[in-house]
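Bear in mind these aren't lab numbers, they're just calculated from the coordinates by the rules spelled out. Keep in mind that what you see is a predicted model, and the values were worked out from it rather than measured. Positions of Cβ are backbone-derived with ideal geometry, glycine not excepted, and every protein chain shown enters the neighbour counts.
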Ligand SMILES: Nc1nc2c(ncn2[C@@H]2O[C@H](COP(=O)(O)OP(=O)(O)OP(=O)(O)O)[C@@H](O)[C@H]2O)c(=O)[nH]1
Ligand SMILES: [Mg+2]
């Protein structure tokens, strides 16, 4: 599949009690601020106006549900690790994400984004370890690969292993919103997890 043809914004929730009342499957998109979560959702749906993106970090607030092909949700998360935004409430963020992950039978896959140009930050490492405690499937998506040169490219796996430990049991994909092939590869992987 090249991209998801039908996409609509459904709701933005601050309290998990207000999540959409359906049994549709969900794919969570998470990662540090500015890593490219919202942009990736737009690329996957070929809809540049769907999710709000910004070159300034800290833009997506709360959990945003996007209905895809009338069959599942992408859940866009606020980014962590951006402390300069003074009105960003980290306690609220932590609570929201934890309550989202608590016993979520609809959640089929977590897409954990990391910047392909850098080693994972300490916030990335913390979040990775936090996710590992849960039983959900998750994959690692290395974003902004269009900005990589050959030597950076060759270091990605070593950088990951250096900070995250053994990642041999994890799927690692490289994406760029400018590279359609990388987006359709990601769609194929997402579809695998949605089928089960
Ligand atoms: N070169 C390049 N830039 C990208 C790519 N993906 C995202 N960006 C840029 O990165 C910036 C942040 O993108 P967003 O999608 O808003 O990031 P986010 O993770 O949703 O950020 P928050 O909502 O603040 O947590 C924007 O300027 C995007 O244009 C990519 O694949 N390549
Ligand atoms: Mg965003």
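Results, tabulated for the structure shown:
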quantity	calculated
Fewest-first sequence of 41, 68 by Cβ atoms within 10 Å of each Cβ	68, 41
Order of 155, 108, 5, 91 under a 10 Å beta carbon neighbour criterion, fewest first	91, 5, 155, 108
Neighbour-count ranking [beta-carbon atoms within 10 angstrom, fewest first] of 124, 15	15, 124
Relative contact order (%) - criterion: Cα under 8 Å, at least six apart; region: the chain	25
Additional length obtainable on full extension of the chain from residue 169 to residue 55, 0.36 nm per residue less Cα span	37.8 nm
Full-stretch length increase - residue 121, residue 137 - with 0.36 nm per residue and alpha-carbon distance subtracted	3.6 nm
The stretch 45-164 - share of DSSP beta bridges that are antiparallel (%, nearest 5)	45
Diffusion constant of the chain at 4 °C, which comes from Stokes-Einstein with the Kirkwood Cα-pair radius and 1.567 mPa s, µm²/s	77
Part-to-part distance (alpha-carbon centres) for the stretch 113-147 and the stretch 1-23, which is given in Å	22
Simple label model, 7 Å out from Cα along Cβ direction - residue 6 to residue 150, nm	4.7
